[in-house]
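Please read the structure below before turning to the comments.
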Amino acid sequence: MKKEHEYNGKTKFIVVTGGVISGLGKGVAAASIGALLSNRLKVIPVKCDGYLNTDPGTMNPTEHGEVYVLDDGGEVDMDFGHYERFLNVVARSDWSLTMGKVFKLILEKERRGDFLGHTVQFIPHVTNVIKEHFYEVANSENADVLLIEIGGTVGDLENQFFIEAARQLSHDVGSENCMFVHLTYVPIPSGVKEQKSKPTQMSVRELNERGIYPDIIIARCEEFLKPHIKEKIGLFCNLPASHVISGVDVKHVYECPLVYDKEGVPEILLKKLRIYAPPKLDRWSRLVDTMNRNDVSPRKVLTVAIGGKYTRLEDSYASIVESLNHVSAHLDVHVEIRWIDTEKLEKHPEEVEKDMQGIDAVIVPGGFGTRGIEGKIVLIQYVREHKIPFLGICYGMQLAVVEFARHVCGMAEAGTMETEADSHVKDPVIAYLPGQDKIREMGASMRLGGHDVLISKGSLAERVYGATEIRERFRHRYEVNPEYVERLEKGGIIFSGKAKNENIMQILELADHPFFMACQFHPELKSSLLKPAPLFLGLLKAVDERG
Ligand code: GLN
């Protein structure tokens with residue numbers, strides 16, 4: 001049978017698996033290993049997930065965390081946020097491989113007649129599809145390193161074909177071109193108060209049963225591993241103690257590459273894969289130091305309120321929290337985040353005064369639906385009138401327009417078509433994007449991914465970005481209604497960013513305010529430690545400069 005994609009003879013593969021328990025931060029661990037190499041090599045991450053959705057776009061964010069949107073419009077797992085932030089790459093949808101996608105590919109091949117005469121089997125056909133996907137990504141990206149993260153923990157039924165494919169991969173490309181990293185957990189039970197290696201040994205044994213012998217074990221632990229624990233794990237798991245790495249708890253995930261560097265990971269990579277790429281982490285390390293110092297003795301504390309629905313807020317807005325962390329390192333401040341429950345504000349608008357005590361800046365993030373939006377409007381009115389620095393993101397921008405229309409432009413019944421199902425909207429200042437009303441029932445369809453934005457000369461947006469043409473990422477179904485733009489502008493809204501080739505308002509700002517900006521896109525998806533998103537930086541600079 002003809003193979004569609006084969007090994008190019010150059011790419012090195014690093015496969016990251018996890019064991020003992022879930023939630024150990026495999027994405028961060030994989031991204032941190034990549035960060036040690038990405039300074040000189042092209043490191044491309046591939047995430048394998050065992051679930052049957054073809055992508056996580058339709059999954060509930062309170063269950064699965066934030067939906068991360070890529071430049072090519074793909075909706076992927078939050079881990080891609082770590083990859084983009086750590087590896088300085090613009091990820092693509094086909095770097096995410098779910099079992100749903102694998103089965104879809106298999107069935108398409110079967111219908112096309114690719115397997116004629118053969119019984120289609122899990123092995124070799126499913127595993128071949130997985131391996132060919134790895135080769136295809138490696139080849140099309142011309143990757144020096146393909147960093148493959150296998151979701152879940154070893155032993156999970158739903159991930160076993162990914163693990164088997166990885167075992168075969170190592171055999172196909174040769175062990176000098178493929179290495180395995182296994183992430184485990186070393187608990188310190190409260191009764192005995194000492195580090196315990198048995199769960200790691202058991203998890204590695206499970207991996208061994210599947211024919212995989214890890215080259216590096218990263219053991220998560222609340223403290224650095226004791227030398228005798230490293231020895232013991234090494235002895236039972238067939239590797240030198242120096243290949244057992246302390247995945248010690250850190251305050252900020254950005255510290256992980258620094259820890260791995262000190263623990264000797266680059267040397268192991270060099271020895272095993274013969275890739276010489278000494279990491280360059282000086283700037284990164286200085287920024288992490290600034291964050292850590294400000295956690296203990298801050299030069300200044302800036303308190304930022306995020307107004308949203310009060311359900312598992314932190315995971316649903318993970319990239320916003322990260323963006324604020326990035327800015328804190330650059331401005332040498334500590335950012336304190338306060339969550340404001342806008343559903344509560346909706347019922348008790350009089351509490352806004354109390355909620356806003358001690359708040360320096362407000363962010364109203366993206367969202368969907370009707371619940372809590374009147375609370376968000378209360379909050380936006382307050383910050384506009386009290387001249388508190390404000391950043392509205394996506395739904396946050398749309399609601400800023402609704403608030404302005406109602407209270408400044410005299411359209412008391414202005415609203416968004418998004419709530420039309422619940423009550424009639426007299427002045428729909430936010431309306432469907434062209435074409436989106438017809439696909440209302442399909443749920444997953446939206447304006448997605450990266451688009452170019454033109455910024456007006458002389459605007460605050462131009463000052464903040466230092467550019468007049470930018471690219472940002474979108475995920476929305478509604479927009480500022482073009483029919484109302486003139487009236488809104490007459491009232492004083494400045495639309496300082498517009499879509500390059502469409503008549504869609506993308507950024508708004510107000511003149512007589514220290515910092516009132518909102519955007520239709522999600523700037524948090526392009527922020528990184530070395531390069532924080534300009535709008536977040538602008539927001540907190542405005543606070544910092546106020547004194
Ligand atoms: N619900 C709004 C829309 O679909 C905003 C979406 C968002 O905030 N991501 O346009």
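The values are calculated or read from the model by the stated rules, or taken from the named source; none is laboratory data. Everything numeric in this text was worked out from a predicted model, so none of it was measured. Here the Cβ positions follow ideal geometry from the backbone for every residue, glycine too, while neighbour counts run over all protein chains shown. Note: areas computed on protein heavy atoms with side chains; ligands, DNA, RNA excluded. Shrake-Rupley method; radii C 1.70, N 1.55, O 1.52, S 1.80 Å.
What the table shows:
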| quantity | calculated |
| --- | --- |
| Lysine pairs within region 331-388, Cα separation less than 16 Å, 8 or more sequence positions apart or different chains | 4 |
| Amide H contacts under 5 Å for Phe13, placed H, 5+ residues apart | Leu146, Cys178, Met179 |
| Label-reachable residues, region 291-306, where backbone N falls under 17 Å from a point 7 Å from Asp249's Cα toward its Cβ | 296 |
| Candidate residues Glu524, Glu255: accessible-area rank, largest first, probe 1.4 Å | Glu255, Glu524 |
| Separation in nanometres of the label points that stand 7 Å from Cα toward Cβ, at Lys354 and Asp72 | 5.1 |
| Length-normalised contact order for region 314-386 - Cα pairs under 8 Å, 6+ apart - percent | 34 |
| Relative contact order of the chain, pairs being alpha-carbon contacts under 8 Å that are 6 or more residues apart, as % | 14 |
| Globularity ratio of region 1-54, using Cα Rg and 2.2 N^0.38 Å | 1.44 |
| Candidate aspartates and glutamates for bridging to Lys300, where Cα separation is under 20 Å - those fewer than 8 sequence places away on the same chain excluded | Asp289, Glu322, Asp332, Glu336, Asp360, Asp544, Glu545 |
| Debye, to nearest 20: dipole size of the chain, +1 on Lys, Arg Cβ, -1 on Asp, Glu Cβ | 1360 |
| C-alpha center-to-center spacing [region 167-222, region 3-40] in angstrom | 14 |
| Accessible surface ranking that places the most exposed of Lys196, Lys26, Lys251 first, with a 1.4 angstrom probe | Lys251, Lys196, Lys26 |
| Structure-based [θ]222 nm, the chain - -39500 (n - 2.57) summed over DSSP H runs of at least 4, per residue, nearest 500 | -11000 deg cm²/dmol |
| Anchor Lys193: lysines whose Cα lies under 16 Å away (excluding residues fewer than 8 positions away in-chain) | Lys226 |
| Options Ala138, Trp95, Leu510, ranked by Cα towards positive dipole end of the chain, top entry (Cβ charges) | Ala138 |
| Part-to-part distance (alpha-carbon centres) for region 249-317 and region 496-535, which is given in Å | 26 |
| Per-residue SASA entry for Tyr484, accessible area with 1.4 Å probe, Å² rounded to 10 | 30 |
| Cross-link pairs beyond the 24 Å C-alpha cut-off, checked among Lys309/Lys426; Lys10/Lys47; Lys104/Lys526; Lys42/Lys541 | Lys309/Lys426; Lys104/Lys526; Lys42/Lys541 |
| In nm, spacing of pseudo-spin labels at Arg112 and Thr54 (7 Å Cα→C-beta vector) | 1.4 |
| Normalised contact order of region 417-547, rounded percent, pairs of Cα under 8 Å and 6 or more residues apart | 21 |
| Accessible area of His118 in the full protein assembly, 1.4 Å probe (Å², nearest 10) | 100 |
| Efficiency of FRET between Arg338 and Phe368 - r from beta-carbon atoms, R0 22 angstrom, step 0.05 | 0.45 |
| Intensity falloff of the chain expressed as log10 I(q)/I(0), Debye formula with alpha-carbon point scatterers, at q = 0.06, 0.13 Å⁻¹ | -0.33, -1.28 |
| Whole-percent carbon and sulfur share, accessible surface of the chain, 1.4 Å | 49 |
| Cβ-based charge dipole, region 334-416, positive-most Cα from Tyr382, Pro365, Ile337 | Pro365 |
